[in-house]
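Here the structure is laid out as structure tokens; the discussion comes afterwards.
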Amino acid sequence: MASPKKDQKIVIQITNNFVGIDSPPSKVKKLVEAVCNRFGLSEATVSIVIVNDAEIRKLNSRFLNRKSNTDCLSFDLSDTHGPQSPKLFELIVNGEMALRQANLRGHSSQAELALYITHALLHNLGFDDFTDSKAKKMHDMEDNILQQLGYGFVYNKITKS
């Protein structure tokens with residue numbers, strides 16, 4: 001499921017500015033490729049930056065005018081937005097929050113970080129969590145993807161484990 005198709009051009013760039021989570025780039029790339037495959041993306045560049053609480057608060061304030069901490073930010077910087085047009089996604093995920101939440105929820109910090117990356121990608125692919133029904137659909141999709149990749153249920157862990 002995670003290996004790219006022959007004609008698929010998926011470029012994944014990872015910048016880790018947070019020390020504390022050992023998340024091998026190969027696993028992150030496999031995750032991103034799996035999501036791209038699942039939604040039929042044939043050409044995409046996905047840039048992922050892992051930051052701490054202070055950095056994500058600063059970016060959340062700058063881009064969304066929100067002073068709060070958050071798990072992820074996602075930006076679709078694509079020039080065109082047709083279904084087969086090349087995609088350019090910028091994902092910023094909070095490694096410090098992932099570490100805290102993983103400890104609270106009893107799973108690995110890698111799984112929590114994978115949840116944030118998946119969540120951010122799904123936002124760029126048209127999912128939103130603004131209503132309860134849309135949030136449920138999005139979170140169920142996240143768990144479906146993460147379970148297939150061996151992380152298990154991460155978002156709905158409490159209710160499904």
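The values are calculated or read from the model by the stated rules, or taken from the named source; none is laboratory data. Everything quoted here is computed from the prediction, not taken from an experiment. Neighbour counts are summed over all protein chains in view; Cβ atoms, including those assigned to glycine, are modelled from backbone coordinates with ideal geometry.
Figures for the structure shown
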read-out	value
Scan of the stretch 21-50 for residues that are part of a strand (DSSP E or B) and under 11 Å from the mean Cα position of the chain (by Cα), ordered by number	46, 47, 48, 49, 50
Options 23, 61: the member that is closer than 15 Å to residue 114 by Cα, of a type in the set (Ser, Thr, Tyr) and out of contact with any Pro (no Cβ under 7 Å at 6 or more places or on another chain)	23
Pairs where the first residue, in the stretch 33-58, is farther than 15 Å from residue 88 by Cα and the second is β-branched (Val, Ile, Thr) and crowded, with 17+ Cβ neighbours inside 10 Å, C-beta under 7 Å, 6+ apart	34/145; 38/145; 50/93; 51/92; 56/70; 56/92
Residue within the stretch 149-156 that is polar (S, T, N, Q), farther than 25 Å from residue 12 by Cβ and at pLDDT below 95 present	yes
Residue count, the stretch 109-139 (criterion: free of Cβ contacts under 8 Å to residues at least 40 places away in the same chain and not in a helix (DSSP H, G or I))	6
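Here is a yes/no grid of residues against (1) basic (Lys, Arg); (2) more than 23 Å from residue 19 (Cα to Cα); (3) at pLDDT below 95; (4) touching a helix residue (DSSP H, G or I) at 6+ places or on another chain (Cβ under 7 Å):
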residue: 114; (1), (2), (3), (4): no, no, no, yes
residue: 119; (1), (2), (3), (4): no, no, no, yes
residue: 130; (1), (2), (3), (4): no, yes, yes, no
residue: 141; (1), (2), (3), (4): no, yes, no, yes
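Residue-wise test of (1) without any contact (Cβ under 8 Å) to a residue 24 or more places away in the chain; (2) buried (at least 17 other Cβ atoms within 10 Å of the Cβ); (3) assigned to a helix (DSSP H, G or I).
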position	(1), (2), (3)
62	yes, no, yes
69	no, no, no
74	no, yes, no
81	yes, no, no
98	no, yes, yes
